[in-house]
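Some notes on the structure that comes next.
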Amino acid sequence: MSSDLLKNIFNPRTASAVIALVGVSLLSFGIYLQEVVGLEPCPMCIVQRYAFILIVVFALMGYFLNKTRAFIVLSVLVQIFAVLGAFVAARQSWLQWFPPETMSCGRDLYGMIENFPLKRAIPMIFKGSGDCTVVDWTLLGGSIANWSYLCFLAIITFVAIVQIKAYKAAKANHPNPLG
């Protein structure tokens, strides 16, 4: 029975659902930490949230389209945003481990949106606001950025395994696996 579950989890449609569920769970936990615990996200956290949102969107598209070619294209997009999210999480982790003597990420996101037109506020988000070096919460010694990085890496790895298995299965069933 466990081998059936393991086989099924690597099915592109099931994998897409798992990735979407994991992404929604991580986003929900982030919102819980913000709204219930009272932790304010820094701009790097917000960018990581955007990456998770896009991962969920593309994973859901892969789930509902349920075609090998669509899965391959959408899973590559999932991996691209997971790599970008991992980069931001790694950078934030680095800043937390080795904070510079003076760190100013600038204004907070909501202050920027309230005080600047949206076309000026959006680029400012990527410049950073608040102190991205502060570790407000940990689990087993890892900060939110550390865990986010590991989750992005897990998504990248899981998607790569599913892509390889889907390609091999398609190749075994059809001479032209992408057709």
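The values are calculated or read from the model by the stated rules, or taken from the named source; none is laboratory data. From a predicted model like this one, the values you see are computed outputs, not experimental measurements. Cβ coordinates were reconstructed from backbone atoms using ideal geometry, including for glycine residues, and neighbour counts include every protein chain displayed.
A few notes on this one:
- Total residues in segment 49-69, condition touching a Leu at 6+ places or on another chain (Cβ under 8 Å), crowded, with 16+ Cβ neighbours inside 10 Å and closer than 18 Å to Val162 by Cα: 7
- First in segment 14-39 and closer than 17 Å to Cys151 by Cα, second anywhere and basic (Lys, Arg) and in a helix (DSSP H, G or I), Cβ under 7 Å, 6 or more apart: Leu27/Arg49; Gly30/Arg49
- Residue, modelled with the highest pLDDT, within segment 83-115, restricted to residues that are of a type in the set (Asp, Glu) and not in a helix (DSSP H, G or I): Glu101
- Qualifying residue in segment 120-142 (condition: surrounded by 15 or more Cβ atoms within 10 Å (Cβ to Cβ), in a helix (DSSP H, G or I), at pLDDT 70 or above and within 20 Å of the chain's Cα centre (by Cα)): no
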